[in-house]
Amino acid sequence: MADVVERRDGETAITLPGRPDAELYFIGRIRTPWSRREDCPKNGLQTDATCIVEVDPLFALALQNVEGATHLIVLYWMDRAARDLVLQKPRHAEGSRGTFSLRSPARPNPIALSVVELRGREGNLLTVHGLDCLDNTPLLDIKPYFSSTDSRPEARVERAGLKPAPSS
């Protein structure tokens with residue numbers, strides 16, 4: 001469960017439902033050099049750190065042929081993130097923003113996604129570049145990155161959350 005965090009002005013939290021709708025299997029753990037949030041990069045492109053994706057031995061056979069991909073999509077569970085915020089106040093921004101307009105780990109289901117460069121494999125350990133999570137973060141899934149279907153060069157994002165909220 002997430003640590004109690006101090007809320008910034010402009011942030012709004014909700015009471016979450018009592019019971020989740022689905023179950024997940026953590027398939028491993030991610031090993032990074034960061035144990036504190038303030039040391040962790042905001043995204044994987046802001047670091048040169050090499051990280052290890054450690055797949056549980058039970059799921060190691062699923063890594064067969066993974067070396068055929070230069071890049072992977074890694075999905076992970078930000079287990080130390082707040083889950084009750086619907087409005088957030090980023091440090092760099094004036095005013096609050098809706099959680100679904102941000103890439104923040106604080107969200108009802110703290111699922112994170114990174115496209116990483118696969119630099120090597122040794123058994124159930126993948127050496128990668130491009131992660132932005134704390135050490136010992138639970139691993140949800142690994143998928144090959146296909147530039148032909150995963151890249152959207154036409155995609156645009158106006159500074160997330162700058163459009164005013166609709167009037168009620």
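A few comments on the model shown:
- If you filter region 12-35 down to residues that are within 16 Å of the chain's Cα centre (by Cα) and among the aromatic types (Phe, Trp, Tyr), you find that the one that is surrounded by the fewest Cβ atoms within 10 Å (Cβ to Cβ) is PHE26.
- Test result for ASP135, over 21 Å from ASP48 (Cα atoms), surrounded by 11 or more Cβ atoms within 10 Å (Cβ to Cβ) and modelled with pLDDT of 85 or more: no
- Residues in region 53-99 that are within 30 Å of LEU118 (Cβ to Cβ), under 14 Å from the mean Cα position of the chain (by Cα) and among the aliphatic types (A, V, I, L, M): VAL53, LEU72, ILE73, VAL74, LEU75, MET78, ALA81.
- Criterion (assigned to a loop (DSSP other than H, G, I, E, B), aliphatic (A, V, I, L, M) and out of contact with any Gly (no Cβ under 8 Å at 6 or more places or on another chain)) met by exactly one of LEU24, LEU58: LEU24
- Those residues of region 64-92 which are in a loop (DSSP other than H, G, I, E, B), of a type in the set (D, E, K, R) and within 20 Å of ILE30 (Cα to Cα), in sequence order: ASP79, ARG80
- Scanning region 46-61 for residues that are buried (at least 17 other Cβ atoms within 10 Å of the Cβ) and small (Gly, Ala, Ser) turns up nothing.
- Considering only residues in region 93-113 that are surrounded by fewer than 17 Cβ atoms within 10 Å (Cβ to Cβ) and assigned to a strand (DSSP E or B), the one that is modelled with the lowest pLDDT turns out to be GLY98.
The values are calculated or read from the model by the stated rules, or taken from the named source; none is laboratory data. Not measured: the values here are computed from a predicted model. Every residue, glycine as well, gets a Cβ built from its backbone with ideal geometry; the counts of neighbours run over all protein chains shown.
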